[in-house]
Every structure is written in C-alpha cells, then in structure tokens.
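Colleague: Dropping a structure here in structure tokens format, bear with me for questions.
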Amino acid sequence: MTLGPIPHYLLPDNVSVEEDRLSVGGVDVIDLAEEYGTPLFIYDEDHLRARCREAVAAFGDGVAYATKAFLSQAMARLVWEEGMHLDVATGGELHVSLSAGVPADRLVMHGNNKSSAELRMALEAGVGRVVLDSFDEIGRIEALVADGCRVPKVLVRLNPGIDVHTHEYLQTGIADSKFGFGISSGDAHRAIEIAAASRAMELVGVHAHIGSQIFVAGSFGKAIGALAPFIKNHALAEVSIGGGLGVAYVTGESAPSIPEWADSVKEACLTHGITARITAEPGRSIVARGAITLYTVGTIKEIDSIRTYVAVDGGMSDNPRPVLYGSGYEAFLPRAVGAERSKQVRIVGKHCESGDVVVSEASVPADIAVGDIVCTPVTGAYGHSMGSNYNMVLRPAVVFVSSGQARLVVRRESYDDLTRRDVTVA
Ligand SMILES: Cc1ncc(COP(=O)(O)O)c(C=O)c1O
C-alpha cells in the first residue's frame, strides 16, 4: 500500500487517510498536534504490540526488547504484557522498568561499565540475567555475592570481531570495540573459564551484539559461527544474538522482517550444530516504524539559488540521529498526504548548531507554509530516548493511539522541569 507518495513500509501499521489527512490508530494526527502541541511523538500501540508478538513467536520465551530504543513506563508495561523480556543497560533503565511493574526476573542487565551500585540494584531486585562485559565487572559481582547478594545467572558477552556494513558508531562487534570480551585476544576464553569456575555466578550462556542497522541477515550467521565453539565446549544452554536488525527509513530501503531474521539465525545455529536456546534483543525493529514525529513549521528562508531552509520547533533535542550518524528521513504534510512533493528543502531544528538538521534533503509539497504541521515517519527508535534539553528546549510529549483513542504516556516538559534539579543560590 502507498499512501500518496509515502510507502506504507515507512508508516505505522494502522494508518489511514481521510480527506487527504493522516490518521494513526484511527486518530487524526493534526487533531493530536492541536491537543498536545508539537513536537509530538505519536506511537501506534497496536503496531508495537504486533512487533512484540512477532518477536516472541519467532524466537520464543526469553527474547528481550532493548529498552534503549524507547523507554517509558507505558512502553515497559506493554512489552511485558506482550510476553517479551526487557534488556536494560543502566540503573536508570532498570529503575524505569521495575517502576512500571515489570517483574525483575524478566530483565536482562547489560552495560559495558556497570557500577557496583547498579549491579547491587540488579542483584537485589533479582534480575533474570546479567550479561558480563568486563573482568572488572566479574570482580564486582564476586564482591557483592560475598557481601550477601544473590548469585545471578550470567551470559558472557563475546566480541566476535565481525565487520558489519553499518555506520562506524553502530559497529560493536569489531575487535577494536569497548564492548564484550574479544575472541581473537583470548579474553573470551578466559572470561568463560572464570565465570564457569566462579561460585558467585551461574554461567548459562553467551551473547553477542554485532551492531545496529544491519540489513544483511548473513552477518548474524557469521556471529553464530564465531560463538559456536564456546557454546559447544562448555555445553551452554543459551545464546543471545543481541539486536541490530535494520529498518527502512527512506523510500527504496528494505530490511528483513523479524521472522526472517529469526529464521536466518536459527538456520545458522543448525549449520553449526547449536542446540542451545536462541534468544535475541531487538530494539529498533520493534519500535522505529511504530511512531511518527510532528513538528510545526516556524520559519522558511529561501536562499537564492542555494537552498530553502524550513525550520521546525524541535530538532537535535528530539532526534539526534541525523547529527550523530547522518541518518536520512522522509517528510510530508499530514494535511495533504497525497500531495506531490515537488519542492526540495532542508528541514532544520531550532537549536544553535548548523548541524541541527532534521531532514537534510527533504521533498515536500510546494505550498508548504509557516504554521504547517510536518511529519517525519520512522522516528520511534533512538529519538525520544536519545533526546536532550540542549538550548533548554522542552522534551516532547508522547502519545499512544489505538482504536480511535489517544492516551498521553509521557507529558511534555515544562519550564519548571528545567530548574527542578537546580540548587538555588541564596
Ligand atoms: C547489547 C545490545 N542489545 C540490543 C541492542 C538493540 O539494538 P537494535 O535497536 O539495533 O535492535 C543494542 C543496541 O545498541 C545493544 O547494545
């Protein structure tokens, strides 16, 4: 299905167009902009639930949602309700997930630099798994267990040394990486030996996360091949292939589905004779396409024969991906979904940085005007979660929509929020 010039594979599952205006989950998005203001994240709740169910059906019990992609109490609860576990990588993500009522045994504790305090919090709560990432961390867990904390089940994060075709900052499985224990250096072997011998932890498996925005399913197979000898030599019961499945952001891109990804991982396990339980930690592929962002156009500058700048009321504080990775997006006007997008513009934010770009090369309808609501699709992952208060810009609200109803799940920040942590000097 194509909704005007924007293909459906760049929009949430449950979209429709009435009188050329966009609705998500049965709710007109311009009405939502009027009610909640802009910038605004709108998530199609049924889309999120469908992706979670797809992941559970494809990988089985144990598959975890990587909360770093997008987390709020409502999201944590939704993921748990749909049968996924949750990957948390900091004390903060652990806190939000627990505060949403997710049972601790559904949580997988990650992080390349977990502090003793974070580890204590995880062990005292009784998290389901801790994924070991350094020798220092092993020492910290031993000290905590000696101090009375419960013995955790652990996976050892291995670094298979695989070069995947993605942005340099999204590669995590190459030898020169801060994550995991390198296989080529022998650290992986040593870490597994130590974890297996330790009374302060129960070694249950190995883990690898080779990077993000990976479109070639075969890359995961290579990682499985690198992990296979460790799984077999130690008769380990579990293997997690991490996250990293790519998603399409612009017209013409295509990515494997979650079931296709799972099939290729399972096939690689079969090829390498692995019978361990296979799990994964998708983040982006669960949430990215499930959301759109709405902005209001504030100024339009035509710079003769060079470029047109369309400035909106958000930017790098709600979506730093273009600045960090040069990521591309589409843009369109939800008041005129079917309109031809014949005008080339650069959509920029309101921050004091020339690099504050929302869409570098956007095609928009020629009659775009100040006051228009602009929509960028596929903004459900690593936008809200990587947002900031740069320039003291208020972080946007988040609404979930389903069956014609909208519910506010994160309120917009207020100016009072900006000074809440300040200690006033008398
Ligand atoms: C250990 C780990 N697991 C899972 C993920 C989720 O990756 P993605 O959102 O690309 O699926 C990440 C992302 O950085 C990660 O570091």
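Colleague: Go through the stretch 41-80 and give me each residue that's surrounded by fewer than 24 Cβ atoms within 10 Å (Cβ to Cβ), among the hydrophobic types (A, V, I, L, M, F, W, C) and away from the ligand (no atom under 16 Å from the Cβ).
Modeller: Those that are surrounded by fewer than 24 Cβ atoms within 10 Å (Cβ to Cβ), among the hydrophobic types (A, V, I, L, M, F, W, C) and away from the ligand (no atom under 16 Å from the Cβ): Ala50, Ala57, Ala74, Leu78, Trp80.
Colleague: Check off (1) surrounded by 19 or more Cβ atoms within 10 Å (Cβ to Cβ); (2) in contact with a Gly (Cβ under 7 Å, 6 or more places away or on another chain); (3) of a type in the set (A, V, I, L, M) for Val323 and give me the number that stays unchecked.
Modeller: Single failed check for Val323: (1).
Colleague: Residues Ile210, Ile258, Ile224: which one is more than 14 Å from the ligand (Cβ to nearest atom), crowded, with 17+ Cβ neighbours inside 10 Å and more than 17 Å from Ala191 (Cβ to Cβ)?
Modeller: On the way: Ile210 fails: more than 14 Å from the ligand (Cβ to nearest atom); Ile258 fails: more than 14 Å from the ligand (Cβ to nearest atom).
Only one candidate passes the filter, namely Ile224.
Colleague: Considering the stretch 233-255 alone, what residues qualify as being within 16 Å of the ligand (Cβ to nearest atom) and under 22 Å from Val131 (Cα atoms)? Walk me through how you get there before you give the answer.
Modeller: So in the stretch 233-255, the residues within 16 Å of the ligand (Cβ to nearest atom) come out as 238-249, 253, 255.
Residues satisfying the conditions are Glu238, Val239, Ser240, Ile241, Gly242, Gly243, Gly244, Leu245.
Colleague: Suppose the filter is crowded, with 22+ Cβ neighbours inside 10 Å and closer than 19 Å to Val204 by Cβ; does Thr275 pass it?
Modeller: Numbers: crowded, with 22+ Cβ neighbours inside 10 Å: no; closer than 19 Å to Val204 by Cβ: yes.
No.
Colleague: Of these, Val151, Val250, Val216, which one is among the hydrophobic types (A, V, I, L, M, F, W, C) and either buried (at least 17 other Cβ atoms within 10 Å of the Cβ) or over 30 Å from Tyr9 (Cα atoms) (or both)?
Modeller: On inspection, the qualifying residue turns out to be Val151.
Colleague: Would it be correct to say that Gly139 is under 22 Å from Ala191 (Cβ atoms), in a helix (DSSP H, G or I), without any contact (Cβ under 8 Å) to a residue 12 or more places away in the chain and not β-branched (Val, Ile, Thr)?
Modeller: Numbers: under 22 Å from Ala191 (Cβ atoms): yes; in a helix (DSSP H, G or I): yes; without any contact (Cβ under 8 Å) to a residue 12 or more places away in the chain: yes; not β-branched (Val, Ile, Thr): yes.
Taking the combined requirement at face value, the residue satisfies it.
Colleague: Any idea how many residues of the stretch 89-99 are under 13 Å from Asn113 (Cα atoms) and touching a residue at least 24 places away in the same chain (Cβ under 8 Å)?
Modeller: Looking only at the stretch 89-99, we keep the residues that are under 13 Å from Asn113 (Cα atoms), and these are 89-91.
In the following step, the residues that additionally are touching a residue at least 24 places away in the same chain (Cβ under 8 Å) were identified as 90-91.
Summing the residues that are under 13 Å from Asn113 (Cα atoms) and touching a residue at least 24 places away in the same chain (Cβ under 8 Å) in the stretch 89-99 gives 2.
Colleague: Give the stretch 331-367 a look and list any residue that's open to solvent by 40 Å² or more (accessible area, probe 1.4 Å), part of a loop (DSSP other than H, G, I, E, B) and over 27 Å from Val393 (Cα atoms), or say none.
Modeller: Gly338, Glu340, Arg341, Ser342, Ala366, Asp367
The values are calculated or read from the model by the stated rules, or taken from the named source; none is laboratory data. This one's a predicted model, so the numbers in the text were calculated from it and none came from an experiment. In this analysis, Cβ positions are derived from the backbone assuming ideal geometry, glycine residues included, and neighbour counts consider all displayed protein chains. The area values use the complete protein model at the heavy-atom level, side chains included, leaving out ligands, DNA and RNA. Shrake-Rupley method; radii C 1.70, N 1.55, O 1.52, S 1.80 Å.
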